[in-house]
Each structure stands twice: as C-alpha cells, then as structure tokens.
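S.K.: So that we are looking at the same thing, I have put the structure below in structure tokens.
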Amino acid sequence: MSPARFGDHAGMDLRILTRALLALAVVASCAPWRANAAGAITLGITSATAFSIPHYIAEEKKYYADAGLSVETIIAGSANSVLQQLAAGSLNIGQAATDQTLRAIQRGAPIRIIAGAASNAPFRMVAAKGTKGWSDLKGKTVTVGGLTDVTLYFLRVMARKNGLGDHDYDLVYGGGSPNRLTQLLSGAVAGAILTNPHDFMALEQGFVDLGSVPDYLPHWAQNNIQIDTRWAAQHRAEILAFLRVHIRATRYFYDPANRDDVVAILAKHTKTTRDVAEKTYDLYIRQQVIAPDAALYPEGLQQNIDALVAMGEISAPPPLSAFIDQSFLTELAKP
C-alpha cells in the first residue's frame with residue numbers, strides 16, 4: 001500500500017504542530033530536570049493499557065526494589081503529554097508512541113529512544129452497535145487520540161482503504177484509549193480506534209469490529225522507552241538498572257508458566273475482567289506485541305518515519321541515528 005498524504009487541513013495542522021513543538025523545545029532548553037534521590041526514577045506512561053505490562057509486572061514482583069530503584073509512575077493521559085513532561089524535566093524516563101517521539105526529537109526536544117516497548121500496533125477500529133461496515137461511518141464522528149496522535153494516522157489509512165475520504169467523517173480528539181472507550185460506550189461517537197484491553201471490553205458489549213491496524217500496517221513499532229538526555233548524562237547507572245528490570249519483566253511475561261499470574265496482574269492494573277485480560281494476553285503472546293528483551297525494531301521505527309513523510313510533516317526521512325541511543329542496550333548485552 002503506497003502512503004497517501006493527509007487532506008486539505010494538513011497545512012494548517014502542521015503549522016499548529018510546529019508552533020507547539022517549537023514551544024516545547026524552548027521550554028526544554030531552559031528547564032532543569034527534576035531532582036531525585038539516588039535510585040529514584042519518575043516514569044511517565046500514556047494510560048493504563050496493556051502496553052505497560054512489563055512495568056506492572058516489575059511493580060508486583062518487586063523487581064524495582066530488588067534493583068535498588070524507587071519508581072514513581074505518572075499517567076499523563078496522552079503520548080504528547082508524556083513527551084512534554086519529559087522535555088520539561090518533570091519526568092526522567094517515558095514510554096510513549098513512536099511517532100510522537102520522533103516529532104519531538106525532530107523539533108529539538110532533549111529526548112532519545114533507548115529501548116523498544118511495543119513492536120506491534122495492536123489497535124482496532126471499533127464501531128457502534130449495528131454498524132454493518134465502514135460505509136456506515138460516513139457523516140458520523142470518530143474518536144482518535146489527538147491531532148498529532150498516531151491513532152489519527154491509523155484511522156486515515158484504514159478508512160481510505162475502505163473507501164472513505166478524510167472529509168467523510170468528523171473527528172473528536174479523545175486522548176488515551178480509556179477515554180475513547182468511554183466516548184464510544186456513551187454514544188458520543190460512532191467509532192473509536194482502541195487498543196487493548198479496551199477494544200475487547202467494547203466487543204464484549206456488542207460493539208462492532210471493523211478491523212485491526214496490523215492488517216494494514218504490519219511492520220510498526222508502536223511504543224518505545226525514552227529518556228531525558230540531560231538527566232541521563234548523570235544517571236546512567238539508574239537507566240541501566242531500569243532496563244535490566246524491564247528485560248527481566250518481559251522474560252517473565254513470555255514464560256508460559258506465568259500465564260495465570262500475568263493475566264491477574266493485567267486485569268488488576270487495567271481494571272478489566274479476567275476474560276478480557278486473558279484475550280489481551282493471548283493476543284500479545286501470539287503477535288509478540290511486547291518487544292522481547294526491550295529490543296529496538298529498526299524496520300518498525302522506519303515505518304513511523306515514513307508515515308511522517310506521507311503526512312507532509314517532513315520532506316525526506318532523516319537517519320534513525322538522529323532519534324535513538326543504542327549504547328544502553330549495547331552495554332547490557334556485553335558478557
């Protein structure tokens with residue numbers, strides 16, 4: 001599938017995005033990072049979804065304490081908010097969507113991707129009860145994460161492939177997947193791009209599955225771990241310890257012997273039923289959504305860059321080396 005550019009609003013949207021990211025970069029250039037005690041880390045995540053299952057495992061199994069770390073978790077509500085707080089020095093480490101991270105770095109934010117988190121995009125288009133197909137969404141309202149959120153790109157790609165133009169439906173910017181689910185359940189929107197477990201929660205209640213993102217974008221690195229480079233310069237030991245814990249947790253996740261425990265942890269932290277947690281777990285194992293051993297996924301990162309080109313945000317793809325710092329994983333790989 002050849003990438004298509006966004007519609008007539010792309011120029012206006014890009015100007016808004018540019019001003020926001022330039023402001024972020026200015027703030028970042030003069031903001032001191034948050035002062036933490038030795039071994040203390042402030043981690044930012046978008047929302048309570050299954051993408052953060054290694055973090056939930058690390059908390060429940062006391063892996064952070066074992067490594068001498070104290071991790072405070074901030075649920076920021078959106079990927080953009082995670083990155084803004086990371087650039088402003090309020091967070092030390094973040095886990096957020098790849099495309100948003102690339103934008104922030106491209107505009108000068110002191111952030112680098114250091115490890116993989118989700119090497120797949122297990123999002124789904126879920127529509128109101130009674131929906132027969134994509135054509136039923138014409139003239140209706142669909143919720144996505146935000147103006148610069150990857151879920152908007154997912155929607156555009158899927159809708160176009162199914163015969164809908166960018167002006168055939170209206171948009172609501174709902175923030176994280178939990179908020180978008182609430183909008184769908186309330187009847188405020190006719191469709192929502194949801195991730196797990198919220199897609200399964202909607203499907204259990206009779207809402208309609210219109211397709212999954214991996215069927216359209218099979219090579220997509222959805223989520224990565226980022227650092228504030230200013231804080232990182234003086235806290236390399238803490239970052240390495242954090243990544244060791246993350247890798248330990250991913251190995252626990254993929255061990256079949258731990259299935260029941262992982263499902264229980266997932267249900268607890270995402271506030272869902274065991275049945276939904278089991279479906280989410282099985283999907284994540286089958287598609288290897290969680291990046292094994294926190295590995296970076298160059299092909300998936302490149303597809304995110306190509307999407308920015310397709311949306312007209314950059315004219316030519318910059319090298320991956322401008323966005324990532326592989327030295328931490330390289331150091332951990334040494335015998």
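S.K.: Any idea what % of Cα-Cα pairs in region 218-335 are farther than 17 Å? Write down the numbers at each step before the final one.
M.R.: Numbers: 4573 of 6903 pairs.
Tail of P(r) above 17 Å: 66 percent of Cα pairs.
S.K.: Quick one: work out the % antiparallel among DSSP beta bridges in the chain, nearest 5.
M.R.: 55
S.K.: Show me 257-268, 153-164 ranked by packing, highest mean number of other Cβ atoms within 10 Å first.
M.R.: Most protected by this proxy first, the peptides run 153-164, 257-268.
S.K.: A follow-up question, please. Any idea how far apart LEU332 and ALA237 come out in nm if each label point goes 7 Å out from Cα toward Cβ?
M.R.: Output for this residue pair reads 1.8 nm.
S.K.: If you don't mind, there's one more thing I want to ask. Can you work out the FRET efficiency for the pair THR182 and ALA316, with r the C-beta to C-beta distance and R0 = 41 Å, to the nearest 0.05? If you can, show how the numbers build up before the last one.
M.R.: Numbers: r = 40 Å, r/R0 = 0.97.
Here the calculated transfer efficiency is 0.55.
S.K.: Can you give the extra length, in nm with one decimal, that the chain gains between ASP170 and LEU147 once fully stretched, where that is 0.36 nm per residue apart less the Cα-Cα distance?
M.R.: Working: separation 23, 0.36 × 23 = 8.28 nm, distance 1.24 nm.
Result for the pair: 7.0 nm of gain on full extension.
S.K.: Taking only pairs that are 8 or more places apart or on different chains, how many Lys pairs in the chain have Cα atoms under 17 angstrom apart?
M.R.: Here the count comes out as 9.
S.K.: I would also like to ask the following. Quick one: ranking MET311, MET201, MET125 by accessible area, 1.4 Å probe, largest first, what do you get? Can you show the working numbers first?
M.R.: Values: MET311 20, MET201 45, MET125 0 Å².
Ranked list, largest accessible area first: MET201, MET311, MET125.
S.K.: Give me the accessible area per residue for region 131-200, probe 1.4 Å, as a whole number in Å².
M.R.: Working: 2430 Å² over 70 residues.
Result: 35 Å² of accessible area for each residue.
S.K.: If I ignore ligands, DNA and RNA and count only protein heavy atoms, how much of LEU329 is accessible to a 1.4 Å probe, in Å² to the nearest 10?
M.R.: Approximately 40 Å² of LEU329 is accessible to the 1.4 Å probe.
S.K.: Lys/Arg Cβ at +1, Asp/Glu Cβ at -1, dipole of the chain taken about the Cα centre: which of GLN288, THR229, THR273 is farthest positive-ward?
M.R.: Highest projection toward the positive end goes to THR229.
S.K.: Given the whole protein assembly as supplied and a 1.4 Å probe, what does the accessible area of HIS269 come to in Å², nearest 10?
M.R.: Around 40 Å² of this residue is reachable by solvent.
S.K.: Here's another thing I want to ask about it. How much length would be gained if the chain were fully extended between GLN287 and ASP209, taking 0.36 nm per residue of separation minus their Cα-Cα distance, in nm to one decimal? Spell out each step's value before the answer.
M.R.: Values: separation 78, 0.36 × 78 = 28.08 nm, distance 1.81 nm.
Extra length from GLN287 to ASP209 when fully extended: 26.3 nm.
S.K.: Which of the peptides 317-328, 289-300 is most tightly packed, and how do the rest follow, judged by the mean count of other Cβ atoms within 10 Å per residue?
M.R.: Numbers: 317-328: 14.8, 289-300: 19.0.
With the highest mean Cβ count within 10 Å placed first, the list reads 289-300, 317-328.
The values are calculated or read from the model by the stated rules, or taken from the named source; none is laboratory data. As the structure is a computational prediction, the values presented were derived from the model and not from experiment. Reconstructed Cβ throughout: ideal geometry from the backbone, glycine too, with neighbour counts over all protein chains shown. Accessible surface is based on the protein model in full, side chains and every heavy atom, while ligands, DNA and RNA are left aside. Shrake-Rupley method; radii C 1.70, N 1.55, O 1.52, S 1.80 Å.
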